[in-house]
Amino acid sequence: MLVAAILAVLYTTVLLVAGVKPAILIGLVSGLLSIVPYLGFIIGFGTSLVLSIVQYQDILHPMLVVGGFLIVQLLEGNLITPKIVGESLGLHPTAVIFALLAGGSLFGIGGMIIALPIAAFIKILLAEQLA
C-alpha cells in the first residue's frame, strides 16, 4: 500500500504539472489501481493522454503526460518498489527485481503477483536449511 500511495502522489504531481483536469482524481485512482501490476499505469496513462489531447489540442501537454508517466514508471520499477517491498520482505532490491522479471516472463502478470511471496518463501527455506 505504501508503494501505491507514493505512486498516487507522483501521478497526481505529474498530472498537475501537465495541467490535466481532474489531476487529483486520476492520480489517486492510478495510484490505488497500481496494486495490480500495470493496471494503474494503463488506466491512468490512457485517461490522462486522451484528456490532455482533448483539453489542450496541442502536442506539449500530451508529451508532458508521456514523459511524466515514463519517469514515474522508471522510478517505481527501479527504485521505489525494490526498496520498499524488499525491505518489508527482507529481500535485497536486486532479488526483488529478479523475482518480478522471472515471474513475469514465466507466468505473465499472475506470475508477477505471486513472485515476491514465493521469493520470500524460498529465502526462508534456504535460511533454515543453511542454519
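The values are calculated or read from the model by the stated rules, or taken from the named source; none is laboratory data. It should be emphasised that the depicted structure is a prediction, and the values quoted were computed from it without experimental measurement. Cβ placement follows ideal geometry from the backbone for every residue including glycine, while neighbour counts extend to all protein chains displayed.
Taken as a whole, the structure leaves I124 outside the set of residues that are without any contact (Cβ under 8 Å) to a residue 40 or more places away in the chain, part of a helix (DSSP H, G or I) and in the same structural domain as V14 (by TED's automatic domain parsing). Tell me, please, whether a residue that is out of contact with any His (no Cβ under 9 Å at 6 or more places or on another chain) and within 25 Å of A120 (Cα to Cα) can be found in the range 67-74. Scanning the range 67-74, I find at least one residue that is out of contact with any His (no Cβ under 9 Å at 6 or more places or on another chain) and within 25 Å of A120 (Cα to Cα), so the answer is yes.
Which residues, counting only those in the range 14-43, are touching a residue at least 24 places away in the same chain (Cβ under 8 Å), in a helix (DSSP H, G or I) and more than 11 Å from the chain's Cα centre (by Cα)? Answer for the range 14-43, where residues must be touching a residue at least 24 places away in the same chain (Cβ under 8 Å), in a helix (DSSP H, G or I) and more than 11 Å from the chain's Cα centre (by Cα): V14, L15, V17, A18, I26.
Just one of the listed residues (I97, I53) is modelled with pLDDT under 95 and touching a helix residue (DSSP H, G or I) at 6+ places or on another chain (Cβ under 8 Å), namely I97.
When D58 is tested against (1) part of a helix (DSSP H, G or I); (2) surrounded by fewer than 18 Cβ atoms within 10 Å (Cβ to Cβ), exactly one condition is not met: (1).
Assessment of the range 64-78 against the conditions (of a type in the set (G, A, S), touching a residue at least 12 places away in the same chain (Cβ under 8 Å) and buried (at least 19 other Cβ atoms within 10 Å of the Cβ)) yields at least one matching residue. Using the structure shown, decide if L116 is touching a residue at least 24 places away in the same chain (Cβ under 8 Å), crowded, with 18+ Cβ neighbours inside 10 Å and outside any helix (DSSP H, G or I). So L116 fails the test. For I53, the criteria (1) closer than 23 Å to M1 by Cα; (2) free of Cβ contacts under 8 Å to residues at least 40 places away in the same chain hold in every case but one, which is (1). Looking at (1) farther than 17 Å from L2 by Cβ; (2) not in a helix (DSSP H, G or I), can you tell me which one G111 breaks? With respect to (1) farther than 17 Å from L2 by Cβ; (2) not in a helix (DSSP H, G or I), G111 is out only on (2).
Taking the range 91-114 as the range and being aliphatic (A, V, I, L, M) and over 15 Å from the mean Cα position of the chain (by Cα) as the test, the residues that pass are L91, A95, A99, A102, L106, I114.
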